[in-house]
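Report on the following structure.
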């Protein structure tokens, strides 16, 4: 089947709507309002380094929690019977069908000072807790929204794993702990890596979760970008510069993650 | 007592008559002609959230009524700060026909040539606007804007926890007793304004030191603040989530009426801000005539009265005020006494560099102190080094394995 | 150990479903004040009001229209692209695949603002404004990679000689394509299309930056979160959620049935 031409419209489309916009971000980042070259925007990003640190920090915590919670679940699902397996996977994906803003808003209802959880605590005689508008609430929002992105790739790697390898290890005298640490875990790294990137990237760049659960005081990179484009401090040039730095940061992180992936180079791998 | 009752009774009858006579003309016209023919035109109206009577609980649905009378459809969307309106207008690629910014934003938009001059022949109802609201400082020739509502800023408090006598000063928002129960505006001008009045500054100072001092005061307040929000203030006060919050008087009146736990004070120890929100047509509107018809419609005293009685803000039209119930007109929250209004200060558009300073300081307040560029560079460099390190390590390992 | 893992699963699922239960329960709340956490009796009134709310219905209509267009266009473009990419040489193929990955790797907010920058300039040049058209273009763009990634594996699995064989047997190339190639890769195409549809329906961030004055459901919900969300929206999402649940159940039951039939067929002889 010789049909190279079939992908030309696609390539034109992607260049027009992906590559050109990216170049525009770069262009805006290096120019001022009247279009002259300047480094002022990029230097200006420096004063927001607190926000970058906080985003990376919270994003990293959320990713680690997702991994710690998600891996055992993926492992358990992969080892149950086929019939309940498909139901359990379906149940993981189902929440994603409810609008993400609404689910986050529902957490607001749960976490508020007079919210459902605190009402519950009060009923059983526990003291009320301040949960909403804290960094913890933001992390919780991230974990909640992105946990399925961690579970699903790990699960799919675990199901594809050849069970005879584990049997072989057991035959060679490895106990359960050794099998897990020396065989299962290393073989599931590709799943973990894609899970980690699929959680970390959106968590670092979110702006809704921090707005709704963080009370506007836990600013993240996403909020900062939103502020410059459609928010209270209109300055698309500075906004582009922040976006550019964020993009570079993510690319480096992806590069590091890809280095842990020892598997053969997949077709989809990025050239880094 | 008897006399008082009779007076009230007469006033009531009088106002009922007024409403009846004013409603008569359009009401009967409606019945005869039914709805106006569909023009197929849709105008984009961009207004503050919850800032129009929308037909809930038997109130007048202003937009639907407009469509019914004129055959012009309304695509109604909302914003929550003047600054985000400005962003959307200048870089959002959206085309609006009617916008309703506040005073200082109107003058900023005029200054940047972003508004159309209005054709007042198409807005005959402008005649109802009271003299004191004509030719305002933000639009000296009154060529670009028609006042929609006005109001002042005051303090919401929860009567169960806060005593009314405390709320006569903005300083109560800095009281450590209420840590975690205080809300603040999520827009720079209003938040800084409160700090500025505590410091005795003008809202419109161009002295960088003044702004820095106000920013420092806001930074001191930050640990006490539960959240920086806008429209949510309403909801959070209503649910008892927060006990103290500054807000616009109009919304306050509605909440105070519905929730017996909530009180509202306009501070008198320091001055407050008085504002006017005005309808304008942005440059590039493709339905200018229909937009003017909409603005004219909003100025119709009957519509204006229905509108303000729902949204709770004050109307700049005496004719509309007469249609409102007496207790509304006499309520100091809706129509504050002279001594407050005389002291109140209006925001004026700030020069470009002061605005830039304000944006930077505001971001600093919200994220706690300016960061060091070096930190960011260090983080990026650390990540990069880690990456390079891993790559080199793997190369070496591979070489060793090959040997 | 078994019990422990069951308890563990239970807590994770509780965590995932707690807010959804809250949402659904409060869609039946008979309150006048739209209160979020006070229960005041069971009622269907928000469901009744939902269908007479012009703004919500309009937003829902926009959302569905955009999702259908985005799913169809991205499936056609993406399937063609996957076939084309398969016959590219190694280097151009890697280049194209890297461009494909770009929108998936990039933070959504960056994709959103970058498109906004382009669209605003284009729109100014053409003297119009952002709207349903720009959202559609944006949605097609971020759906395309997902379609390609679900069609491509099916193409690589396909026996390349099949197409040649069909030609040898006297099929016209287009006939061969539609009668031989398409049936082979149809599962991938359907998966891609469903993915595109769901991604488009749920997207907020990219629509937020490219919508101009057009309201989609997520954008409308966002503008409500700034004040308070009407329980009408809870009612709408409960309905949508129920529809998805039923569809998934039907699909699963049918699969189960097929599996059983296959097993029976195998057992019979």
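Work out, step by step, the length gained on full extension between residue B:396 and residue B:134: first 0.36 nm times the residue separation, then minus their alpha carbon distance; give nm to one decimal. Walk me through the numbers on the way to the answer.
Numbers: separation 262, 0.36 × 262 = 94.32 nm, distance 7.91 nm.
In short, 86.4 nm is gained.
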Study note, to complete from the structure: Rounded to the nearest 0.05, FRET efficiency between residue C:172 and residue A:159 (Cβ-Cβ, R0 60 Å) equals 0.90
Practice item. Could you tell me, in Å, what Rg and Dmax come out for the Cα atoms of region B:132-190? Key: 17.2, 49
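Using only the C-alpha atoms of chain C, find the volume of their convex hull and express it per residue in Å³. Please list the in-between numbers first.
Working: hull volume 65.1 nm³, N = 269.
So the per-residue Cα hull volume is 242 Å³.
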Check your understanding: Which whole-percent values make up P(r) of chain B when all C-alpha to C-alpha distances are grouped in 10 Å steps starting at zero?
Key -> 4, 19, 28, 23, 13, 6, 3, 2, 1, 0, 0, 0
**Study point:** For peptides B:307-318, C:83-94, sequence by mean Cβ density within 10 Å, most packed first
**Key:** B:307-318, C:83-94
**Study point:** Cβ-Cβ FRET estimate between residue C:91 and residue C:128, R0 fixed at 56 Å, reported to 0.05
**Key:** 0.90
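Give the peptides B:146-152, A:132-138, C:53-59 in descending order of average Cβ contacts within 10 Å, highest first. Present the calculation step by step, with values, prior to reporting the outcome.
Working: B:146-152: 25.1, A:132-138: 22.3, C:53-59: 16.9.
Those peptides, ordered most packed to least, come out B:146-152, A:132-138, C:53-59.
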Practice item. Mind jotting down the distance between the C-alpha centroids of region B:91-119 and region B:183-222, whole Å? Key: 26
Check your understanding: So how tilted is helix B:82-91 from the main axis of chain B? Cα-based, degrees 0 to 90, rounded to 10.
Key -> 70
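Please work out how much length the chain gains when fully extended from residue C:184 to residue C:99, using 0.36 nm per residue of separation minus the C-alpha to C-alpha distance, in nm with one decimal.
Working: separation 85, 0.36 × 85 = 30.60 nm, distance 2.63 nm.
The residue C:184-residue C:99 span can extend by a further 28.0 nm.
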Check your understanding: Computed over the Cα atoms of chain A, what is the convex hull's projected area averaged over all directions, in nm²?
Key -> 21.1
Check your understanding: Gaussian network model of chain C, Cα springs within a sub-10 Å range: biggest mean-square fluctuation belongs to which of C:187, C:19, C:103?
Key -> C:19
Check your understanding: Which distance in nm do the two modelled labels at residue A:261 and residue B:403 give, with both placed 7 Å along the Cα-to-Cβ direction?
Key -> 3.1
Point to revise | C-alpha center-to-center spacing [region A:54-128, region A:191-224] in angstrom | key: 15
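Would you mind getting me the FRET efficiency between residue C:245 and residue A:64? Use the beta-carbon distance for r and R0 = 41 Å, nearest 0.05.
FRET efficiency, residue C:245 to residue A:64: 0.80.
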Review point. Peptide A:241-254: average number of partner chain Cβ atoms within 10 Å per residue?
Key: 4
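Using only helices, what value at 222 nm comes out for the protein assembly as shown when you add -39,500 (n - 2.57) per DSSP H run of length 4 or more and divide by the total residues, to the nearest 500 deg cm²/dmol? Don't skip to the end; give the middle numbers.
Values: 41 runs with 581 residues, N = 944.
Roughly -20000 deg cm²/dmol at 222 nm, from the helical runs in the protein assembly as shown.
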Review point. How far is it, in nm, from the label point at residue B:57 to the one at residue C:164 when both lie 7 Å from their Cα along the line to the Cβ?
Key: 7.7
Revision key, fill the gap. To the nearest 10 degrees, the tilt of helix C:108-126 (Cα long axis) against the first principal axis of the alpha carbons of chain C is 90
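Considering every residue in C:208-215, what mean count of other chain Cβ atoms within 10 Å of its Cβ is obtained? Write out the running numbers ahead of the final one.
Numbers: counts 5, 6, 2, 4, 8, 14, 4, 3.
That average works out to 6.
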**Study point:** Shielding by other protein chains, A:126-135, mean Cβ within 10 Å
**Key:** 2
Exercise for review: Can you tell me the order of C:108-118, B:169-179, B:112-122 when each peptide is scored by its average per-residue count of other Cβ atoms within 10 angstrom, highest first?
Suggested key: C:108-118, B:169-179, B:112-122
Review point. Along the three principal axes, how long is the protein assembly as shown when you take its alpha carbons, biggest first, rounded to the nearest angstrom?
Key: 103, 63, 62
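Please work out how much length the chain gains when fully extended from residue B:209 to residue B:388, using 0.36 nm per residue of separation minus the C-alpha to C-alpha distance, in nm with one decimal.
Numbers: separation 179, 0.36 × 179 = 64.44 nm, distance 4.57 nm.
That works out to 59.9 nm of additional length.
Taken together, the values in this text are just the output of simple stated rules run on the coordinates, not laboratory data. Keep in mind that this is a model prediction, so the values were computed, not measured. Cβ sites come from the backbone with ideal geometry, for glycine too, and all protein chains shown count toward neighbours.
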